[in-house]
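The values are calculated or read from the model by the stated rules, or taken from the named source; none is laboratory data. The model shown is predicted, which means the values in this text are computed figures rather than measured ones. Cβ coordinates were reconstructed from backbone atoms using ideal geometry, including for glycine residues, and neighbour counts include every protein chain displayed. Protein only, heavy atoms only, side chains kept; ligands, DNA and RNA dropped before computing areas. Shrake-Rupley method; radii C 1.70, N 1.55, O 1.52, S 1.80 Å.
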Amino acid sequence: MAPLRLGSVAPDFDAETTSGPINFHKFIGDSWAVLFSHPADFTPVCTTELGEVAKLAPEFAKRNVNVIGLSTNGLSDHAKWVDDINDVNSVNLAFPIIADADRSVATLYDMLDSIEHDASNVVNGIPYTVRSVFVIDPAKKIRLILTYPASCGRNFDEILRAIDSLQLSDRQPIATPANWQPGEDVIVHVGVTTERAKEIFPTVREALPYLRFATLPEEKK
């Protein structure tokens with residue numbers, strides 16, 4: 001199988017989850033999706049991450065994003081672990097977590113760690129996953145790939161920010177600068193002339209011939 005890259009069609013699969021059996025592409029439907037992996041159940045960093053995503057559920061919903069986790073344990077372990085997650089983080093985790101005990105989905109998405117990278121994340125020769133993130137659009141195309149080591153918890157505010165940037169650049173001919181936050185000025189796409197940009201955006205500021213900042217027009221809700 002060819003390596004997964006930005007623009008690749010997200011591989012489809014069927015899986016058992018804490019919300020029942022799913023087909024991944026049907027789960028995505030006409031929405032965006034975030035698929036994110038966890039090395040194992042009952043692990044400290046993962047427990048904080050899943051709690052954080054549960055807290056941010058309204059933010060993902062606002063962006064039309066379906067969230068789904070993955071861990072390399074079975075459903076019975078998942079059910080007990082969700083109780084811990086809810087208790088520690090004061091949440092009610094409602095999104096599905098894939099039971100990937102055979103590592104089939106983790107292998108499909110190249111999520112597995114290696115002994116060369118982190119021997120502590122490979123037990124008895126069996127690798128656990130790294131902290132992978134795949135952002136997938138309604139066309140089932142992979143738009144963002146992030147990979148964190150098992151030791152480093154993810155910043156889900158940054159994942160939301162990246163989704164905002166991706167969705168905005170689908171609607172407007174723009175790119176977003178370093179540390180951009182929603183509501184701030186954007187960069188005019190290189191394929192748009194300055195003259196045309198002045199017709200599209202309320203204000204355009206040329207810092208360099210190839211670097212033009214613009215204020216976004218108010219979008220209809």
When both residues are 6+ apart or on different chains and their Cβ atoms are under 7 Å apart, which pairs have a first residue that lies in the stretch 9-24 and is under 16 Å from residue 134 (Cα atoms), and a second that is of a type in the set (D, E, K, R)? 9/140; 9/141; 10/140; 24/12
Quick check on the stretch 125-153: of everything there that is modelled with pLDDT under 95 and buried (at least 17 other Cβ atoms within 10 Å of the Cβ), which residue is farthest from residue 36 (Cα to Cα)? 127
Could you grab the pairs with beta carbons closer than 9 Å, sequence gap of 6+ or different chains, first residue in the stretch 142-160 and closer than 16 Å to residue 53 by Cα, second one buried (at least 19 other Cβ atoms within 10 Å of the Cβ) and acidic (Asp, Glu)? 153/49; 154/49; 156/49
Among the residues of the stretch 149-158, is any touching a His at 6+ places or on another chain (Cβ under 8 Å) and either assigned to a loop (DSSP other than H, G, I, E, B) or more than 17 Å from residue 63 (Cβ to Cβ) (or both)? yes
Could you check the stretch 184-221 and list, in sequence order, the residues that are of a type in the set (Gly, Ala, Ser) and touching a residue at least 12 places away in the same chain (Cβ under 8 Å)? 191, 197, 214
Counting only residues that are without any contact (Cβ under 8 Å) to a residue 12 or more places away in the chain and either in a loop (DSSP other than H, G, I, E, B) or under 12 Å from residue 55 (Cα atoms) (or both), how many does the stretch 91-108 have? 1
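In the stretch 89-106, how many residues are under 16 Å from residue 42 (Cα atoms) and in contact with a strand residue (DSSP E or B) (Cβ under 7 Å, 6 or more places away or on another chain)?
4
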From the set of residues in the stretch 1-31 that are open to solvent by 20 Å² or more (accessible area, probe 1.4 Å) and part of a strand (DSSP E or B), which is nearest to residue 167 (Cα to Cα)? 9
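Checking the conditions here, which among 205, 196 is modelled with pLDDT of 95 or more, part of a helix (DSSP H, G or I) and more than 17 Å from the chain's Cα centre (by Cα)?
196
Quick check on this structure: which one of 45, 53 is open to solvent by 20 Å² or more (accessible area, probe 1.4 Å), in a helix (DSSP H, G or I) and of a type in the set (A, V, I, L, M, F, W, C)?
45
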Condition (residue is in contact (Cβ under 8 Å) with a residue 40 or more places away in the chain, among the polar types (S, T, N, Q) and either out of contact with any Gly (no Cβ under 7 Å at 6 or more places or on another chain) or open to solvent by 40 Å² or more (accessible area, probe 1.4 Å) (or both)) applied to the stretch 164-180: is it met by at least one residue? yes
